[in-house]
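Any read-out appearing in this document is the output of simple, stated calculations on the displayed coordinates, not a laboratory observation. Computed from a predicted model, the values in this text were never measured in an experiment. Here the Cβ is made from the backbone with ideal geometry for all residues, glycine too, and neighbour counts use every protein chain on show.
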Amino acid sequence: MERVKQSVVIAGGGSTYTAGIVMMLIENRDKFPLRKLKLYDNDKNRQEIIAKACEVIVKERAPEIEFVATTDPQIAFSDVDFVMAHIRAGGLKMREMDEKIPLKYGVVGQETCGPGGIAYGMRSIPAVIELIDFMEKYSPNAWMLNYSNPASIVAEATKRFRPKSKIINICDMPIAIKKSLATILGLKNENDIVDRYYGLNHFGWWSELRDKDGNDLMPKLKEHVKQFGYVAKTNEENPLLNESSWMDTFKKAKDVYAVDPETIPSTYLKYYLYPDYVVEHSNPNYTRANEVMDYREKNIFAECKRIAENNSAKDTNIEAGEHAEFIVQLAKALAYNTHERMLLIVENNGAIANLGDDVMVEVPCIVSKRGYEPLSMGKIPTFQKGMIEQQVASEKLVVDAFEYKSYQKLWQAITLSKTVPSAKVAKDILDDLIEANKDFWPTLQ
Ligand code: NAD
Ligand code: G6P
Ligand code: MN
């Protein structure tokens, strides 16, 4: 049967990930045909560089698709079926502050974890809500697939402030980890692994991993992970591991795993379980934001300029990786009812039996035309339950702080983060973050 053609807007058109998603959309157009592809950003100059290259790519590879780049919300959000969002409120410059301020006080400085993630959350909440409102005004039947971080806090806020909205918050980390696990196991494709996984975004555990025939993959994996973490003998298939900081994180999974050898953990748990190690191995004057600005951002923008100048992308090295594959796979499942099993960030409602119904959890879901249905993960062990409940309380307090413009709640949120040693340190960090974020946060009372 002929598939109905889709119209997609990428919000955060100037993102370092946009060109990869455009590539993936074009490569998949037999299974996910497009009639229109739009880019939207609130920074015209930044988006223009990426957009010019994307225009060349579309013209060269799929000229039947209408391509538009705009900063006008009405043009961007009218007549769309999907909004693929990945905005960074405050940009990489503010990410740098999120990372460096906590480190000044000997605390983990990270994009989505600890005080840095909390600061980023306070900036992202109103920005993502604005995107939802644009979508609901101009294309009320569309779905928003949202990568914008910190996904856990954003998910709590969108559920609370726009409970009926058609937004699905997502993360590519489990896929990136599964790519390594597949290599370790000698499987061709990470999608050949069927998983049971529970937790929050960047805060979860696999309780089961099986192949498509139902064979248990855990024993072989555990043997490997306890010695080498998530680093396989060859890592060519995982481009993430060309970067030394990611390689370190994948190695450190060995120690994260050791804390509970019954499960396979998210790499992000290193920030909560080994914050002392992370701080010792951080450079307070040169953090991940600096690396991203010096490499990924520089390279992508240079390549996009080159494509525009040559008016051709035939020889480009821009690749459609698993990050792009995941979001396109999700759109496909919603549009064409594929009943794909995918990890999504959704309201618990019993999926994890011994956690509150209103917690935004990350669990496997079946995705179809009617939306997503979370699968039941049963009861989780005391260790994970304890960690998750502390983290949920911290994240809910961030959203409370935003809602009530409350200094007290934000202080409590930072104090509750397992990365922070005391209420005193939390307050010192908070006071610096308030100063750094004065152009973004509401004034706290
Ligand atoms: P980036 O800074 O390169 O791009 C973000 C773009 O968003 C910029 O062009 C910026 O101008 C634009 N933007 C910012 N605020 C906006 C607003 N209010 N409205 C419209 N546009 C706005 O960032 P990046 O490194 O490419 O990352 C983009 C986002 O994707 C980040 O939030 C990052 O954390 C997230 N991300 C999430 C996952 C995940 O697993 N959930 C994976 C990768 C990236
Ligand atoms: C993974 C996570 C994302 C995070 C990204 C950071 O993909 O799932 O949530 O934004 O890593 O990567 P970076 O290369 O920007 O440090
Ligand atoms: Mn993520």
Straight-distance crosslink candidates among aspartates and glutamates, where the alpha carbon sits under 14 Å from Lys305 and sequence neighbours closer than 8 are dropped: Glu48, Glu55, Glu297, Asp315
Positive-end extreme of charge dipole, region 309-445 - chosen from Trp441, Leu430, Ala413 (charges on Cβ): Ala413
Qualifying trypsin sites (Lys or Arg not before Pro) in region 302-388, DSSP loop, other Cβ atoms within 10 Å at most 16: Lys314, Lys369, Arg370, Lys379
Extension gain (nm, one decimal) between Lys104 and Met293, 0.36 nm per residue minus Cα-Cα: 66.0 nm
Largest-first principal axis extents, alpha carbons of region 72-173, Å: 48, 25, 24
Nearby aspartates and glutamates by direct alpha-carbon distance to Lys166 (threshold 16 angstrom, same-chain neighbours under 8 apart not counted): Asp79, Asp81, Glu130, Asp133, Glu136, Glu156, Glu347, Glu373
Length-normalised contact order for region 203-345 - Cα pairs under 8 Å, 6+ apart - percent: 17 percent
Violating pairs (Cα-Cα greater than 24 angstrom) within the set Lys104/Lys438; Lys100/Lys298; Lys178/Lys220; Lys159/Lys298; Lys270/Lys396; Lys104/Lys427: Lys159/Lys298
Estimated distance in nm for a label pair at Tyr286 and Lys226, the labels positioned 7 Å out from Cα along Cα-to-Cβ: 3.8 nm
Value of relative contact order over the chain, rounded to a whole percent, pairs C-alpha under 8 Å and six or more apart: 17 percent
Spacing of the two label points (7 Å from each Cα toward its C-beta) at Ala423 and Ser244, in nm: 4.1 nm
Glu60-Glu2 FRET efficiency (beta carbon distance; Förster radius 30 Å; 0.05 resolution): 0.75
Relative packing of 111-119, 242-250, which averages over residues the other C-beta atoms within 10 Å, highest first: 111-119, 242-250
Cα radius of gyration and Dmax for region 1-160 (Å): 16.8, 60
Residues of type aspartates and glutamates that Lys179 reaches as a straight line, Cα spacing below 15 Å, ignoring anything fewer than 8 places off in the same chain: Glu190, Asp192, Asp195, Asp211, Glu236, Glu237, Glu322, Glu325
Estimated dipole of region 64-141 in Debye, rounded to 20 [Cβ of Lys and Arg +1, of Asp and Glu -1, Cα centre]: 660 debye
Among beta bridges that DSSP assigns inside the chain, antiparallel share in %, nearest 5: 50 percent
Student exercise, region 286-445 dipole from Lys, Arg, Asp, Glu Cβ charges, in Debye to nearest 20: 240 debye
Region 273-303 and region 16-46: distance between their alpha carbon centers, rounded to Å: 26 Å
Debye equation applied to the C-alpha atoms of the chain, log10 I(q)/I(0) at 0.10, 0.13 Å⁻¹: -0.70, -1.26
Estimated dipole of the chain in Debye, rounded to 20 [Cβ of Lys and Arg +1, of Asp and Glu -1, Cα centre]: 340 debye
Calculated Rg and Dmax of region 106-146 using C-alpha coordinates, Å: 14.2, 47
